[in-house]
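Worksheet: the structure to be examined is printed underneath.
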Amino acid sequence: MIPVDQRGASDCLRACIASIFEIPWEDAPDTAPPPSVDDRSWSQHNIVVAWCKERGVVPWTLEAKPEDRPVLRRGRQIDSEGNERPADFVWPFPFATHYVGGGKGPRGVEHCVVMRQGKVVHDPHPNRDTTIEHIDSITLFVARLG
């Protein structure tokens, strides 16, 4: 994984994909929403799927139920009983590869980070604050057979 920073307010996913695939930002799929909100044919998911398909890869997304995911606040993890401990992002599926973790970011909007084994290893936002309140989903990239 080679860290790549996002360049705009809504291209963290693009930066995460570039980081994981170790390619320049320009070569990753443009995942920023179009200027026109009326364009219902646009889908960030479809753009990523098409980009991956050209490369023989399938994006595989897993989502956690709210009761299964840890809650993180300002560098502290709070368990279901209210006990606090230093925060490491612990995902129920700690895969030993780099993947995208997504959730509500510190600026109040959805944000993506690069994770590995349940921990954030790269926040593409220039502030590097990785204080995502909770990880809602992860997306792994799996080689397609056939």
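Here are the numbers for the structure shown:
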read-out	value
Tabulated pairs, the range 95-108, first loosely packed, with under 14 Cβ neighbours inside 10 Å, second among the polar types (S, T, N, Q), C-beta under 8 angstrom, 6+ apart or interchain	ALA96/GLN117
Enumerated strands (runs of 3 or more DSSP E) restricted to the range 101-146, each holding at least 2 residues that are aliphatic (A, V, I, L, M), out of contact with any helix residue (DSSP H, G or I) (no Cβ under 6 Å at 6 or more places or on another chain) and at pLDDT below 90	119-122, 135-143
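The values are calculated or read from the model by the stated rules, or taken from the named source; none is laboratory data. All figures in this text were calculated on a predicted structure; none of them were measured in a lab. Using ideal geometry, Cβ is built from the backbone for each residue, glycine included, and neighbour counts are taken over all protein chains shown.
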